[in-house]
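Before any comments, here is the structure.
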Amino acid sequence: MWLALFFLTTTAVYWSGLSGGFLFDDYPNIVENRGVQPPDASLPSLVRAALSSPSSEFKRPLASLSFAANYLATGLDPYWMKLTNLIIHLLNGLLVFLLARALVVVGSKSIAAEAAPITAVGRAGVTAALIAGAWMLLPINLTAVVYVVQRMESMANLFVLLGLIGYMAGRQRMLAARTGKGAGTGLLLCVSSLILGTVFGLLAKETAVMLPLYAFLVEWIVLNFRAPPAMAATSEAGGTHPTRRNKPDYRVIGLFVVVLLLPLIVGLVWLLPGLFHPNQWSTRDFTMSTRLLSEARIVADYVVWTLFPTPGALSFYHDDFSVSTGLLTPWTTLAGMLFLAGMAALMFWMRKRRPLTALGIALFLGCHLLTGTVLPLELIYEHRNYFASFGLMLAIIPYLAAPPRPPVGATSVATAHDEHPGQSQPFALPRYTLLAGLLLSWAALTALTAHAWGNPLRLAEDLAARAPQSPRAQYELGRTYIIYSHYQPDSPFTRLAYAPLEKSAALPNSSILPEQALIFMNARMHLPLKDAWWDSMITKLKATQPGVQDESSLGALTQCAREKNCDLPPDRMTEAFIAALSHPNPRPRLLATYGDYAWNVLDDHALGERMAEEAVRAKPDEPAYRITLVRMLAAQGRKADAEKALKPLEAMNIGGRLDGSLSELRALLDLR
C-alpha cells in the first residue's frame with residue numbers, strides 16, 4: 001500500500017513538468033543530433049542512432065537507441081520523452097524498494113546473529129517503501145526525469161540496481177545453501193549480475209562502472225564475506241546441523257579481485273598518464289588540484305542539497321561556483337574536507353553498530369569517487385546524486401521510521417539489539433514528525449520545480465531567479481525571450497532579451513554564448529551589430545581554449561551565414577575563428593566549423609579543404625569529417641583523391657550505418 005501511494009504521489013508531482021520543452025544538452029544530444037532521428041527502424045538506421053551521441057567517446061548506445069525509439073513512435077516531442085523518463089524513474093523506484101528491503105532484512109540479521117527479530121523483518125517492507133518513496137520524491141533527482149538527456153543517468157542506474165538486487169539474491173542463496181550445488185548456483189547469479197549489470201549499464205552511461213564497488217561495499221559492511229555455515233554430524237542422532245563459523249568465503253573475495261581490483265588497476269594505468277597532461281585541463285578554469293579542493297565543498301553541499309534542499313541551491317546551472325584555490329580560499333574548503341572525513345569516520349564507527357547507516361554513507365561517498373575526484377569533468381551536476389541519494393536515504397530513513405521503544409518493563413521481541421534502525425528507537429513522535437516534514441517538503445519543492453519545467457518561459461525565468469550570477473541561467477533567459485520574439489523587432493520579448501544576455505556576457509567565466517546570441521538575434525532581424533559584442537567574443541576566444549559551448553556558438557553563426565539568414569561581417573567572423581584557433585591542439589569540431597565557413601561563406605576552397613583535412617587528422621574515427629572532405633574533393637573534380645578519401649569510410653561502415661552517405665558519395669563520384 002505504501003509503495004503504491006508513493007508511485008501515485010510521484011506521478012502527480014511530476015505530471016505538470018512533462019509539458020515543457022528541451023533544454024541545454026538536450027539540443028546537441030537529441031534536437032540537433034540527426035542520428036537519433038532515424039527515418040525508419042532498419043538495422044543501418046539503428047546502428048547509426050546507437051553510435052551518434054556526442055556526449056562520450058563510448059557513445060552510450062542504449063540511451064541513444066531509446067531516444068531513437070521515442071522519435072520513431074512520437075517524433076521530436078519532448079512530452080513523450082519525458083514521460084518515458086518518468087516511467088524509468090518509477091521502475092527504478094520499484095528496484096530501490098526491492099534492494100532496500102533485502103538490505104534491511106540482511107542488515108538486521110547481521111546484528112542479530114542470523115536470527116533477525118520478528119519486528120525488524122516484519123517492518124522491512126514498510127521501511128523499504130519509505131526509502132523508495134523518499135528517493136523518488138527527492139528534488140535533487142528531478143533532472144533525471146524532466147531533463148530529457150539525463151535518461152542516460154537513470155537508465156544506467158536501472159541496470160546498477162538490477163545488478164545489486166541480483167547480487168543480493170545470489171549471496172543469500174549461497175548463505176542458505178545446504179549443498180555445493182546450491183552455493184554454486186548462487187555464485188553464478190552473483191557473477192552474472194555484476195558483469196551483465198555493468199555491461200548493460202555502461203551502454204547507457206559510464207557511471208554504471210561503479211556497480212562492482214557498490215556490491216563490494218554491501219559485502220564488506222553487511223554480508224562480511226561470510227561463507228555458508230558448515231555442516232557437522234551430531235554425536236547422538238547421527239543427523240547434521242549447521243555449525244556457525246565466521247569463515248570468509250574465498251570465492252567471493254576472488255570475485256571482487258576479478259571484477260573490481262583488476263579493472264581498477266587497469267583503469268588507473270590507462271587514465272592517470274593522460275590526466276597529468278596539460279591538454280586535459282586546457283578547456284577548464286581549474287586544475288586537478290583545485291578540482292579536488294573544490295569537490296570537497298561540492299560533495300559536502302550535495303548532502304545538504306539532498307536532505308534540506310532550497311530553490312537557490314538546486315538552481316540547475318552552477319557555473320557561478322567559485323573554484324577553491326587553497327584550504328582556506330574559501331574557508332569552506334577545509335570545512336568540507338573535515339565534513340567528509342567525519343562522514344568516513346562515522347561510517348567505520350557505525351559499521352558494526354548500525355550497518356545500514358554505515359552502508360548508506362559508504363554508497364554516497366563511493367558514488368562520488370568517479371565524478372568528484374580527478375576526472376576533468378564539469379564541477380557540479382545535480383544528477384550525479386541519482387544513486388548517491390539512495391545511500392543517504394538508506395542511512396536516515398530506517399532510523400526515522402523505526403517503531404517506538406516499549407515502556408520500561410514491557411515485553412518486546414526487539415530488546416536485545418535496540419540500537420538497530422529496523423528495531424525500536426526512542427523519541428518516536430519527533431522522529432515521525434521529522435520524517436513526515438521531510439517527505440512533504442521534498443514533494444512540495446519537486447512539484448513546484450516540475451511545474452516551472454512545464455513551460456519554457458516559466459522555467460527560464462525561474463532558473464534565472466534562482467541563480468542570478470550564473471552566466472548560463474541569464475543566457476538561457478535571454479535565448480528564451482529571443483525564441484518567443486519570433487525574430488520580430490517590434491515584439492516585447494525582443495526588448496526583454498538584451499538585458500539578461502548582456503548581463504551574462506559580463507559575468508565571470510562566461511562563454512561566448514551570450515555574445516553569439518546578441519549577434520545572431522540582431523543579424524536575423526537586420527538590426528545594427530555592436531562592435532562591443534564582437535570585441536568581447538574575440539577577447540574571450542583569445543584568453544582561453546574554446547570549449548563545447550564556444551564551438552557551438554561559432555557553429556550557429558556559421559550556419560546562419562551559410563543559409564544567408566544573417567549578414568555577418570566576414571572580417572569579424574574570420575578574426576573570431578583565428579582567435580579560437582590560436583591555442584595549441586584545436587579540437588576537430590572547431591576545425592571543421594572553420595572549414596565550413598571558409599568553403600561556403602568565404603568561398604575559399606583551399607582553406608576549407610585544409611581545415612577539413614586537419615579535422616580528419618585530429619579525429620580519424622569520426623565519419624562526418626571524412627564525408628565533408630570527400631564532398632569537397634569531388635566538388636573540385638579531384639575524383640582520384642576523393643576515391644582515396646572514400647576508402648576509410650567504407651571500413652567504418654559498421655552495421656550499414658553509413659550506407660546512405662556512402663551511396664550518395666558514390667553517386668557523386670559516378671561510382672557503381
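The values are calculated or read from the model by the stated rules, or taken from the named source; none is laboratory data. The structure presented is a predicted model; accordingly, all values stated were derived computationally and were not measured. In this analysis, Cβ positions are derived from the backbone assuming ideal geometry, glycine residues included, and neighbour counts consider all displayed protein chains. Quick note on the areas: whole protein, heavy atoms, side chains included, nothing else; ligands and nucleic acids left out. Shrake-Rupley method; radii C 1.70, N 1.55, O 1.52, S 1.80 Å.
Observations
- The chain shape via C-alpha gyration tensor axes, a/c threshold 1.5: prolate
- Positive-end extreme of charge dipole, the chain - chosen from F276, V548, M155 (charges on Cβ): M155
- Between the alpha-carbon centres of region 243-297 and region 432-510 there is a gap of 37 Å.
- Contact order, relative form, for the chain: 13 percent (alpha carbon pairs under 8 Å, 6 or more residues apart, mean separation divided by residue count).
- In a simple Cβ point-charge model (Lys, Arg +1; Asp, Glu -1; nothing else charged), the chain has a dipole of about 2440 debye relative to its Cα centre.
- Lys, Arg +1 and Asp, Glu -1 on Cβ, resulting dipole of region 505-634 about Cα centre, debye, nearest 20: 220
- A simple spin-label model places pseudo-atoms 7 Å from Cα toward Cβ; at Q469 and L264 they are separated by 3.8 nm.
- Positive-end extreme of charge dipole, the chain - chosen from I361, I30, W349 (charges on Cβ): W349
- Of the peptides 131-141, 513-523, 645-655, the order by per-residue mean of other Cβ atoms within 10 Å, starting with the highest, comes out as 131-141, 513-523, 645-655.
- Considering helices alone, the calculated mean residue ellipticity of the chain at 222 nm is -20500 deg cm²/dmol, with DSSP H runs of length four and up weighted by -39500 (n - 2.57) and normalised per residue.
- Per-peptide packing, taken as the mean over residues of other Cβ atoms within 10 Å, places 313-322, 5-14, 292-301, 391-400 in the sequence 391-400, 292-301, 313-322, 5-14 from highest down.
- Neighbourhood charge, 12 Å Cβ-Cβ cut-off, centred on P620 and excluding it, Lys, Arg +1 and Asp, Glu -1: -1
- Long pairs among K59/K639; K59/K619; K503/K619, criterion Cα-Cα beyond 26 Å: K59/K639; K503/K619
- Selection from I654, V105, S441, by position along the positive dipole direction of the chain (Cβ): V105
- Rounded if a/c under 1.5, otherwise prolate or oblate - region 547-672, Cα gyration tensor axes: prolate
- Förster-model FRET efficiency, 45 Å R0, T539 and A651, C-beta, rounded to 0.05: 0.55
- Centre separation in Å (Cα based) which lies between region 192-220 and region 1-49: 24
- Per residue accessible area in Å² of the chain, where ligands, DNA and RNA are left out and the probe is 1.4 Å: 43
- Near the amide H of Q425, within less than 5 Å, lie the amide hydrogens of R405, all on another chain or at least 5 residues away, with H placed in the peptide plane.
- Cys residues of the chain counted as unpaired, since no other Cys beta-carbon is under 4.7 Å: C190, C367
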